[in-house]
Amino acid sequence: MSSPEALRNQVVLTYLAIVLALLALAGAALLILKPRLGEKVRPVWLTYRSWLVMVPIVLGCVFLGRWAIIAGTALLSIFGFKEFARATGLYRDWGMTGVVYLAIAAVGTAALVNDPFKQAPGWFGLFLAMPVYAISLILTIPILRNQPRGQLQAEALAILGFIYLGWMFGHLGFLANSDNPYGYVLYILFATELNDVAAFTFGKLLGRRQFRSNISPKKTWEGALGALAVSMALPWALQFSFPRFGPLQLVLTGLIVGAGGQMGDLAISVIKRDIGIKDTGAAIPGHGGILDRIDSLIFAAPLYLHMIHYFYGLR
Amino acid sequence: MEEWRYEPAVDLNQSLTERLKNFPRQPDMLQYGIRSVLALAIRAWLRVYHRLEISGRENLPREGSFVLVANHTSHLDTLCLLAALPLQKLHRAFPAAAADYFFVKVPRVAAAVLIVNAFPFHREIHVRQSLGVCERLLANPGNILILFPEGTRSPDGKLRPFKPGIGALLAGTAIPAVPCWVAGAAQAWPKGRWLARPRQVRVVVGKPRSYAALPKDRQSSLEVARDLERAVAELSGG
């Protein structure tokens with residue numbers, strides 16, 4: 001994976017064309033709707049403008065290659081965990097947060113270095129073993145402090161934060177070590193974000209019945225099923241991303257993105273609802289925090305990687 | 001089973017730039033980490049590139065809060081004064097930075113907050129409020145304030161008259177003020193230049209002074225400002 005290679009790669013160029021076309025189309029639609037809907041378009045416009053910033057950053061990482069995808073994922077993990085720590089109050093505990101930051105950096109490093117036994121990029125064994133080391137360290141902190149009070153909550157939050165936001169999300173970066181990095185990485189990014197947009201659009205247009213009323217009151221059955229339908233169809237339409245996939249793998253990919261992506265969204269909503277906040281932060285105008293944007297990816301990316309690993313191996 | 005209590009950060013719903021402009025700031029581990037690493041790099045750069053010399057370090061109070069008062073000719077002043085303090089005091093030292101200059105555009109805010117831990121000082125309006133912030137900072141033992149009572153960088157390197165705000169802050173309190181003189185910064189990195197030249201910079205730390213005996217009024221404010229101005233000028237050796 002390198003920049004000249006990316007520029008010659010058919011998969012990359014096709015995704016580039018699709019994304020640019022979609023952004024242009026959405027921009028044009030917003031411009032046409034603006035005089036008719038007036039102020040109602042404003043929040044959507046804000047969301048759209050943030051897409052115009054995020055898309056070039058993500059595509060830039062893909063163009064730069066393997067190290068940039070892994071480093072970008074690790075940075076998102078770090079700032080995602082920071083939001084989680086600030087939302088839960090864990091950020092006041094410097095020992096716990098420090099260990100989690102270190103562990104996230106270690107996950108990125110394991111994805112970056114070569115496997116010493118196979119001479120292949122990415123040390124998968126160490127990557128998979130990372131939770132063992134991280135949890136051992138996290139559980140050691142209260143012992144070193146000789147302090148049990150309130151530590152179960154801190155340990156639980158730190159472990160959830162690392163496993164979910166650091167390690168599981170880190171699988172996205174590890175996909176760049178596979179033998180089909182562009183196809184796998186670009187598909188999961190594009191499909192999960194499209195799944196989010198589809199759920200939002202179907203919900204706005206057809207939404208009647210609440211989906212999970214106590215967790216996320218704005219989500220509807222119509223939106224969820226509409227997004228699932230789009231996500232089930234998408235692997236067939238973009239089959240050039242993974243030429244090896246047969247029907248079973250295409251269906252599984254659709255399910256992982258369509259169902260898994262929405263589970264990821266709701267999983268973060270559960271956390272927010274229990275704490276009693278609306279967004280996890282305000283890093284991205286019109287979207288909320290970083291976690292509000294990547295919530296579906298966190299859930300879908302690791303399932304997707306392990307599906308690929310089960311059927312074909314990563315290399 | 002007892003329910004868990006979450007205490008989200010109070011500035012959770014603010015964007016990063018808004019959060020940087022807040023004061024007091026929420027403690028932030030990543031911010032502290034970046035600042036510590038940068039401080040090491042800056043200290044090395046000052047020692048090598050500007051051959052920084054610091055004398056009179058023994059005059060710095062070992063504990064409690066105090067105020068560093070110095071002449072101001074260059075952005076280097078703050079960096080040199082911070083380098084004169086022990087590294088473990090880095091996050092407890094708060095240089096006052098002009099709100100109208102440092103706390104408007106994002107790159108400067110980021111530099112002021114991340115590198116030197118500055119707090120916004122409104123020098124034109126709301127001076128009283130800004131002095132109130134200083135008082136609250138000093139009320140917390142161990143905090144160090146870095147103030148430039150001239151109010152701006154002197155364009156010709158000559159010491160300008162001290163503003164009475166410093167007096168209002170210190171008169172009638174036991175908080176020590178440590179006069180300092182930064183020499184050579186004006187030549188190394190004068191106002192209006194983009195990059196610093198490799199000239200030597202020296203810092204002289206004077207003996208701490210206290211104004212606990214004075215009453216808290218306008219007259220003693222002026223007196224304290226004049227006294228500190230004299231003390232700083234004396235350190236210049238001229």
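The values are calculated or read from the model by the stated rules, or taken from the named source; none is laboratory data. Small disclaimer: the values here were computed from a predicted structure and weren't measured. With ideal geometry, Cβ positions are generated from the backbone for all residues, glycine too; neighbour counts draw on all protein chains shown. The area values use the complete protein model at the heavy-atom level, side chains included, leaving out ligands, DNA and RNA. Shrake-Rupley method; radii C 1.70, N 1.55, O 1.52, S 1.80 Å.
A few points about this structure:
- The number of residues in region A:56-107 that are of a type in the set (Gly, Ala, Ser), closer than 30 Å to residue A:12 by Cβ and within 14 Å of another protein chain (Cβ to nearest Cβ) comes to 4.
- Residues that are of a type in the set (Gly, Ala, Ser), touching a Gly at 6+ places or on another chain (Cβ under 9 Å) and either buried (at least 24 other Cβ atoms within 10 Å of the Cβ) or more than 27 Å from residue B:87 (Cα to Cα) (or both), drawn from region B:137-184: B:165
- Helices (runs of 4 or more DSSP H) lying entirely in region A:217-315 (those with 2 or more residues that are surrounded by fewer than 16 Cβ atoms within 10 Å (Cβ to Cβ) and either of a type in the set (Gly, Ala, Ser) or within 14 Å of chain B (Cβ to nearest Cβ) (or both)): A:221-237, A:261-275
- Selection count where residues are open to solvent by less than 30 Å² (accessible area, probe 1.4 Å) and either over 24 Å from the mean Cα position of the chain (by Cα) or of a type in the set (Asp, Glu) (or both), scope region A:120-137: 1
- Pair list, Cβ < 9 Å and 6+ apart or interchain, from region B:118-133 residues that are over 15 Å from residue B:104 (Cα atoms) and part of a loop (DSSP other than H, G, I, E, B) to residues that are among the small types (Gly, Ala, Ser) and open to solvent by less than 20 Å² (accessible area, probe 1.4 Å): B:126/B:99
- Which numbered condition residue A:117 misses (of (1) part of a helix (DSSP H, G or I); (2) more than 22 Å from the chain's Cα centre (by Cα)): (1)
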